[in-house]
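K.L.:
For reference, the structure I am asking about is given below.
The values are calculated or read from the model by the stated rules, or taken from the named source; none is laboratory data. As the structure is a computational prediction, the values presented were derived from the model and not from experiment. Note that each Cβ is placed from the backbone with ideal geometry, even for glycine, and that neighbours are counted across all protein chains shown. Protein only, heavy atoms only, side chains kept; ligands, DNA and RNA dropped before computing areas. Shrake-Rupley method; radii C 1.70, N 1.55, O 1.52, S 1.80 Å.
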Amino acid sequence: MKIHTTLRLFSIPIITIILFGCAPTKKLPEIIWPLPPDPPKIRFDKSFSGAKEFYGGSLAGEILLGEDPSGVFSKPNGLHTDKADRVYVSDTGSGLVQIFDPKADHPMILEAGGRSPFTKPIGIATDNKGNIYVSDSGGDIVYIFGADLQFISVIGHGGEVFKQPTGLAVDNERKRLYIVDTHKHQVTAFDIDTLKPLFTIGKRGRDDGEFNFPSFIVLDKKGNLYIVDTMNGRVQVFDPDGRFLRKWGRLGDGPGMFARPKGIAMDSEGHVYVVDSAFNNVQIFDQEGQILMAFGAFGEGRGGQILPAGIAIDSEDRIYVADQWNERINIFEYMGEKYKARAGAKK
């Protein structure tokens, strides 16, 4: 199913209120994009600012009981979902990486030596063995943990390899880990087994294949790399071996343009989602860079966001966006085939 190409880039969402006669509990308004007459494609589901909201408990109750209300966000930044739809959240304010498993009743926290080793964690990725990779842009290092959450190894140390590692992506077929280095203005591919560098893409500049403070990265099903070239206001696409393919976007305030692009993700139908922390929205493109629509807006209420950063999409096309200023994760849904299947199963 294709997203309708009618643009509603900076419009407010439509709010549909459904009244249920004399029902004692009033249902919250549904927030959807785009505006009519176009059919809705994105809906706001909910937000969570920590463990208690994610798992449905009461944070206030924990405080009254004198228990430690763990799992509250300070400045959520990076996001990742794995094949089991666990949600990973990096928090640059608290220096924590938390893992929210829908099948559990509390989040897990990545630790080494009994504490969080991170200074400023940002990028998160996992491979098909369950290994977890986390970039620490404050320590110029990438940490590696096993599927059992035990610390395994690191790449880089004390600025010897990186100058600010941020976005991460794993290519399981080619056994590669791609690491975006924001201050070196490049992306390096590492062998997952040996942790040795294979090749590097880019240098500082504005020409094709060059970067100006790149940030996040996502791979498509063919292994092509979609890299957010933040300060050049564009997305650049490369083949798995680093050859430039195409680009789209430029600095500006119109549809398909960017002011401060950050997180990038892809849904099951191949649409590309790019967060803009200045526009406080998410723009959706096809893989050739054609703008399809946008959703989200500045605000603290339901469906609003301020200075959003990372984004991740799970196997069911649920969209997670890190809402930094509001200290929460916003969850949206792409109303495609998977959403329709879920809705049908509930009837």
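K.L.:
Based on the alpha-carbon gyration tensor of the range 157-240 and its eigenvalue square roots a ≥ b ≥ c, which shape applies: rounded if a/c is under 1.5, prolate if not and a/b is larger than b/c, or oblate?
P.N.:
oblate
K.L.:
Sort the range 228-288 into rounded, prolate or oblate with this rule: let a ≥ b ≥ c be the square roots of the eigenvalues of the Cα gyration tensor; rounded if a/c is under 1.5, and if a/c is not under 1.5, prolate when a/b is larger than b/c, oblate otherwise.
P.N.:
Numbers: a/c = 1.97, a/b = 1.33, b/c = 1.48.
Oblate is the answer for the range 228-288, as a/c is 1.5 or above yet b/c matches or exceeds a/b.
K.L.:
Dimensions of the chain along principal axes (Cα, Å, largest first)?
P.N.:
So the three principal-axis extents are 66, 51, 33 Å.
K.L.:
Here is a further query. With unit charges on the beta carbons (Lys and Arg positive, Asp and Glu negative) and the dipole taken about the Cα centre of the chain, which residue among VAL237, PRO34, LEU79 sits farthest to the positive side?
P.N.:
Result: PRO34.
K.L.:
What ranking do 26-33, 94-101, 240-247 get when scored by the average of other Cβ atoms within 10 Å per residue, highest first?
P.N.:
Taking the mean over residues of other Cβ atoms within 10 Å, the ranking is 94-101, 26-33, 240-247.
K.L.:
Using a ≥ b ≥ c from the Cα gyration tensor of the range 259-305 (square roots of the eigenvalues), is it rounded, prolate or oblate, where a/c under 1.5 gives rounded and otherwise the larger of a/b and b/c decides, a/b for prolate?
P.N.:
Numbers: a/c = 2.32, a/b = 1.78, b/c = 1.30.
Here the range 259-305 falls in the prolate category.
K.L.:
May I pose another question? Sorting check: for 150-159, 327-336, which peptide has the highest mean count of neighbouring beta carbons within 10 Å, and how do the rest follow? Provide the component values of the computation, followed by the final result.
P.N.:
Details: 150-159: 14.0, 327-336: 21.1.
Packing proxy ranking, top to bottom: 327-336, 150-159.
K.L.:
Subtract the Cα-Cα distance of PHE151 and LYS221 from 0.36 nm times their separation in residues, and report this length gain in nm to one decimal.
P.N.:
Working: separation 70, 0.36 × 70 = 25.20 nm, distance 2.91 nm.
My answer for the length gained is 22.3 nm.
K.L.:
Sticking with this one: Mind giving me the nanometre distance, one decimal, between the label points for ASP253 and LYS346, set 7 Å out from Cα along Cα→Cβ?
P.N.:
In this crude spin-label approximation the distance works out to 3.8 nm.
K.L.:
I would also like to ask the following. With just the Cα atoms defining each centre, how far is the range 160-202 from the range 260-333? Give it in Å.
P.N.:
The distance from the Cα centre of the range 160-202 to that of the range 260-333 comes to 24 Å.
K.L.:
Roughly to the nearest percent, how much of the accessible area of the range 214-290 is carbon and sulfur, given a 1.4 Å probe?
P.N.:
Working: 1240 of 2600 Å².
Here carbon and sulfur together make up 48 percent of the probe-accessible area.
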